[in-house]
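**Q** Okay, here's the structure, questions in a sec.
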Amino acid sequence: MITSVLVANRGEIACRVFRTCRELGIRTVAVHSDADENALHARVADAAVRLPGAAPADTYLRGELVVRAALAAGADAVHPGYGFLSENADFARAVTDAGLVWIGPPPGAIEAMASKTHAKKLMGLAPLEKVTRDDLPVLVKAAAGGGGRGMRVVRELDQLDAELTAARAEALSAFGDGEVFVEPYLEGGRHVEVQILADTHGTVWALGTRDCSLQRRHQKVIEEAPAPGLTPELTAELGELAVRAARAVDYTGAGTVEFLVADGRAHFLEMNTRLQVEHPVTEAVFGIDLVALQIRVAEGAALEDGPPAARGHAVEARLYAEDPARDWAPQTGTLHRLTVPDGIRLDTGYTDGDLIGIHYDPMLAKAVAHAPTRAEAVRKLAHALESADVHGPVTNRDLLVRSLRHPEFTGARMDTGFYERHLAALTEAVPDPYAPLAAALADAHGRSRLGGWRNLPSAPQTKRYLMHGTEHEVRYRHTRDGPTAEGVRVVHADAALVVLEIGGVRRRFPVSRYGDRIHVGATALTALPRFPDPVADRTPGSLLAPMPGTVVRVAEGLAEGSAVEAGQPLLWLEAMKMEHRIAAPAAGTLTDLCVTPGQQVAVGSLLAVVREA
């Protein structure tokens with residue numbers, strides 16, 4: 001009987017496993033890097049152990065430290081979560097060799113399936129050995145891990161070597177394994193997967209399908225269960241293939257078999273020998289707790305002959321601290337508030353006031369809606385996200401809402417190229433024209449109203465705000481009857497709520513302020529000073545760091561004085577386990593190269609200067 005579980009992970013998944021453990025009466029142990037000392041997962045566990053020594057990005061890959069922590073804290077079992085060491089067979093062996101229970105599949109099954117190259121051979125497939133122009137486009141993919149890291153689409157043969165190098169570096173950083181392979185890239189396919197659960201007594205459940213086609217950088221953004229629009233025959237085939245894959249490696253525990261569905265056919269992608277990020281949609285549809293079932297299987301319990309009946313539809317959206325309009329650039333800073341309406345499941349590793357750092361994946365939370373039909377679940381989730389309080393750095397919240405309401409998605413016609421086609425329209429700024437006025441009226445609440453005591457009308461008050469990159473100036477007056485503004489009737493105004501009547505319709509504007517950052521409903525603004533300081537002109541052609549991160553490499557042969565072409569990669573930044581390419585904005589000469597590999601930079605740091613030809 002398991003009495004104490006250490007989760008060899010961090011953030012959202014650690015908090016999610018701890019929640020089930022508490023419900024089962026199991027004691028919890030967290031591990032944390034120095035950067036995560038005050039992280040939520042380290043605070044909510046019954047005990048927490050610091051993992052010393054390594055850089056924050058690598059700490060959770062130190063298996064020997066994790067095993068030592070489990071023994072020191074008196075844990076009798078280890079749950080790996082997802083990512084990091086979750087598909088590392090050597091770590092699974094180290095856990096069991098230490099006399100601990102491994103809440104996952106046997107090391108042999110991990111070895112057979114965790115390497116995507118080996119898994120494909122096991123399923124009768126093989127990666128490309130030599131790529132020619134006729135094979136294009138191709139996909140470069142990390143052999144280990146997942147989450148879109150170490151993955152690149154290559155459409156030009158002369159780009160293959162550079163993308164292989166980038167994928168190897170990213171995979172090594174994320175998973176401690178730099179092996180990559182190349183396979184054909186199927187355009188216009190849907191990403192469909194099957195959740196499996198197997199016990200040690202020979203029973204294997206196929207828990208329906210999930211569609212995970214909406215992806216950015218090959219990392220899932222919106223997932224749902226069941227996958228819509230599949231024929232009964234294809235659904236049955238996917239389940240049979242998933243069970244066959246599990247039985248081929250004597251699998252136990254939870255896992256996922258992934259496919260690309262194109263032209264009505266299923267193409268095997270990989271088997272993930274762990275719990276998936278998107279597992280809550282399957283839990284909602286089948287009314288189960290997959291983490292609880294993982295624990296029971298690890299204790300030797302037998303599954304029933306078949307899974308519970310599925311009911312309804314569930315949709316999950318991943319909320320990221322990132323700016324989709326700026327090449328998905330990750331964002332950092334304080335998360336002041338994160339709430340969603342009742343009736344929505346929110347899995348998160350953050351709470352109000354937590355700091356979003358630079359070292360890890362930028363996912364803030366997963367919001368899940370369940371309803372009797374797909375249309376109802378999609379509508380429920382879109383409205384909940386639109387109504388949520390997400391106060392802090394820029395997020396993908398607006399993109400999620402618009403994606404859920406896009407006709408391709410509501411009509412279940414989406415595929416993995418959805419964002420390539422629609423990103424520009426989905427990220428187009430649609431500012432609320434009344435948000436700056438609401439911000440100004442809330443800010444003015446409680447201030448002096450001397451203008452209301454004059455015999456002559458007072459001059460209007462003016463305030464300036466930056467909204468969606470554009471400056472807005474608003475004017476209003478204080479009177480004996482309260483504040484007024486042209487074109488609207490101010491029904492109510494205090495520091496937290498402004499109510500305006502616009503064209504006979506009343507609108508409520510909840511307002512929250514954090515320094516010069518103001519959130520009016522779902523709109524974020526920055527208050528500008530009344531008398532702005534003069535800003536020195538920057539050198540033309542300056543390339544500034546779009547995010548805090550580490551310079552991982554500079555283009556080979558690049559030096560001050562080099563001639564560069566427009567769009568030519570100059571250097572690469574790593575932030576939150578992903579590489580971001582910094583390219584020349586125009587053809588010209590590199591006059592300044594201000595950074596070196598290994599150097600950490602803050603957002604806005606000068607990286608290089610290109611003088612246009």
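Since every read-out is calculated from the coordinates, none of them should be taken as a lab result. Because the structure is a prediction, the values reported are computed rather than measured. Cβ atoms come from the backbone with ideal geometry, glycine included; neighbour counts cover every protein chain shown.
**Q** Provide the per-residue ³J(HN,Hα) series for the stretch 294-308, in order, calculated from phi with Karplus coefficients 6.51, -1.76, 1.60 and θ = phi - 60°, each as a whole number of Hz, with x at glycine and proline positions.
**A** So the J values, rounded to whole Hz, are 4, 5, 5, 4, 5, 7, x, 5, 9, 6, 5, 4, x, x, x.
**Q** Same structure again: Take every Cα pair under 8 Å in the stretch 220-377 that's 6+ residues apart, average their separations, divide by the length, and report that relative contact order as a whole percent.
**A** Computed value for the stretch 220-377: 23 percent relative contact order.
**Q** Something else now. Note down, for the stretch 302-423, the three equivalent ellipsoid semi-axes (square root of 5 times each alpha carbon gyration tensor eigenvalue), biggest first, whole angstrom.
**A** Each semi-axis is the square root of five times an eigenvalue, giving 26, 20, 14 Å.
**Q** Once you have all Cα-Cα distances for the chain, histogram them in 10 Å bins from zero and send the whole-percent values.
**A** 3, 15, 24, 25, 17, 10, 4, 1, 0
**Q** Do you know the Lys pair count in the chain for C-alpha distances under 15 Å, with sequence separation 8 or more or different chains?
**A** Going through the chain pair by pair, I get 5.
**Q** How many angstrom separate the Cα center of the stretch 324-374 from the Cα center of the stretch 164-234?
**A** Each part reduced to its Cα centre gives a spacing of 22 Å.
**Q** Tell me which residues come under 5 Å, amide H to amide H, from Val31 once H is placed; ignore anything under 5 positions away on its chain.
**A** Sorted by chain and number, the residues that satisfy this are Val7, Asn9, Val49.
**Q** Could you calculate, for the stretch 221-324, the ratio of the Cα radius of gyration to the Kirkwood radius, expressed as Rg to Rh?
**A** We get a ratio of 0.97 for the stretch 221-324.
**Q** Put +1 on the Cβ of each Lys and Arg and -1 on the Cβ of each Asp and Glu in the stretch 326-414; which of Val340, Gly411, Ala365 then has its Cα farthest toward the positive end of the dipole?
**A** Gly411
**Q** For a quick check: sort Ile13, Ile2 by the number of other beta carbons within 10 angstrom, fewest at the front.
**A** So the residues, fewest neighbours to most, are Ile2, Ile13.
**Q** Quick one: in the stretch 106-311, what % of C-alpha pairs are over 33 Å apart?
**A** Percentage above 33 Å: 14.
**Q** Relative to the longest principal axis of the chain, what angle (0 to 90°, nearest 10) does the C-alpha long axis of helix 435-444 take?
**A** So the inclination is approximately 60 degrees.
**Q** For the chain, build the charge dipole from Cβ charges (+1 Lys, Arg; -1 Asp, Glu) around the Cα centre, then report which of Leu157, Ala321, Phe181 sits farthest towards its positive end.
**A** Farthest along the dipole direction, towards plus: Ala321.
**Q** Which log10 I(q)/I(0) values, to two decimals, does the stretch 542-612 give at q = 0.26 Å⁻¹ under the Debye formula with one point per Cα?
**A** Those come out to -1.20, one per q.
**Q** Something else now. Once phi is turned into θ = phi - 60°, what whole-Hz ³J(HN,Hα) does the Karplus curve with 6.51, -1.76 and 1.60 give for every residue of the stretch 423-428, x standing for Gly and Pro?
**A** With coefficients 6.51, -1.76 and 1.60, one gets 4, 4, 5, 6, 9, 5 Hz.
**Q** Of all DSSP beta bridges located in the chain, what percent are antiparallel, nearest 5?
**A** So the antiparallel bridges amount to about 90 percent of the total.
**Q** Here is a further query. Relative contact order for the chain using alpha-carbon pairs under 8 Å, separation at least 6, rounded to a whole percent?
**A** Relative contact order of the chain: 10 percent.
**Q** For helix 160-175, report the angle its Cα long axis makes with the longest principal axis of the Cα atoms of the chain; keep it between 0 and 90° and round to the nearest 10°.
**A** Long axis of 160-175 versus the principal axis of the chain: about 80 degrees.
**Q** Another one. Helix-derived [θ] at 222 nm for the chain: sum -39500 (n - 2.57) over DSSP H runs of at least 4, divide by residue count, nearest 500?
**A** -7000 deg cm²/dmol
**Q** From the phi angles alone, apply the Karplus equation (6.51, -1.76, 1.60; θ = phi - 60°) to the stretch 498-506 and give each ³J(HN,Hα) in whole Hz, x where the residue is Gly or Pro.
**A** 10, 10, 10, 9, 10, x, x, 10, 7
**Q** Run through every distinct alpha carbon pair of the stretch 1-124 and return the Kirkwood hydrodynamic radius in angstroms, one decimal place.
**A** Taking every pair of different Cα atoms in the stretch 1-124, averaging 1/r and inverting gives 14.6 Å.
**Q** I would also like to ask the following. Counting alpha carbon pairs within less than 8 Å and at least 6 residues apart, what relative contact order, in whole percent, applies to the stretch 132-256?
**A** Over the stretch 132-256, the number comes to 22 percent.
**Q** Using only the alpha-carbon atoms, how far is helix 11-24 inclined from the longest principal axis of the chain? Give it as 0 to 90 degrees, nearest 10.
**A** 60 degrees
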